[in-house]
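Report on one structure; see the data block that follows.
The values are calculated or read from the model by the stated rules, or taken from the named source; none is laboratory data. Quantities reported herein were computed from a predicted structural model and do not represent experimental measurements. Heads up, the Cβs are rebuilt from the backbone with ideal geometry, glycines too, and the neighbour counts pull from every protein chain shown. The protein model used for the area step is the full one, side chains on, heavy atoms only, and it has no ligands, DNA or RNA in it. Shrake-Rupley method; radii C 1.70, N 1.55, O 1.52, S 1.80 Å.
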Amino acid sequence: KKDKKMSLGAELLLIKAVKLYCPKIFLPLEIETNRFGKPMIKGADNLHFNLAHSQDIAVCAISDKPVGVDTEHISRISEKIRDRYFTENEKKLDFGYIWTRKEAVVKADGTGISIGLDTFDVSNDTTTLNGRTYTLKTFKSEVSDHYISLAW
């Protein structure tokens, strides 16, 4: 139930952002997905968005270029994931910081985690995936213990 509520919260953020920044797009939004499952607004070729939620926080990013966003509780640590999917540079940094950055990049790219999370490094402010360079920015939430990462 909580997961459904958080998904709805993220969708409401998207609706508010579209109403505020893209008044020419009419509601209700028609959402379609690419072959990897990345959601897109039907008929809005120059509007990209991404949603994420974790525990008690939901986030939304919109842009005129492909964008990805992810959030994760700071205390979450998975040694198994770190050892398998993180580069040597990434293993030196906080798990949640790196995990949200990796998720944001694959979401911006539209390919999902099937691309192989160990095939690119997000320890710097840019990374390259599938021949495209992405800029990364990570924040710590001011209202809860979460990392929020953006890739564009």
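Normalised per residue, the accessible area of the chain is 59 Å², obtained with a 1.4 Å probe and no contribution from ligands, DNA or RNA. At full extension, Asn89 and Leu8 could sit 25.6 nm farther apart than now, given 0.36 nm per residue minus the alpha carbon distance. Gyration tensor over the Cα atoms of the chain: the corresponding equivalent ellipsoid has semi-axes (square roots of 5 times the eigenvalues, largest first) of 26, 18, 13 Å.
With respect to the cross-link table entries Lys107/Lys140; Lys2/Lys38; Lys1/Lys91; Lys5/Lys92; Lys38/Lys140; Lys4/Lys140, which display a Cα-Cα separation exceeding 28 Å?
Details: Lys107/Lys140 20 Å; Lys2/Lys38 22 Å; Lys1/Lys91 34 Å; Lys5/Lys92 35 Å; Lys38/Lys140 25 Å; Lys4/Lys140 24 Å.
Where the Cα-Cα span goes over 28 Å, the pairs concerned are Lys1/Lys91; Lys5/Lys92.
A protection proxy built from the mean count of other Cβ atoms within 10 Å ranks the segments 127-139, 15-27, most packed first, as 127-139, 15-27.
The fraction of accessible area contributed by carbon and sulfur in the chain is 52 percent, rounded to a whole number (1.4 Å probe; ligands and nucleic acids excluded).
With +1 on each Lys and Arg Cβ and -1 on each Asp and Glu Cβ, how big is the dipole of the chain about its Cα centre, in debye rounded to the nearest 20? Each step should come with its number before you reach the end.
Working: 23 positive and 21 negative charges, 77 e Å.
Roughly 360 debye for the chain.
Backbone N atoms of segment 89-120 closer than 15 Å to the 7 Å Cα→Cβ label point of Arg76 belong to residues 94-107, 113. With the whole protein complex present, Glu11 retains an accessible surface near 90 Å², based on a 1.4 Å probe. Binning the alpha carbon pair distances of segment 45-105 at 5 angstrom intervals from zero yields the distribution 4, 18, 24, 20, 15, 12, 6, 2, expressed in whole percent.
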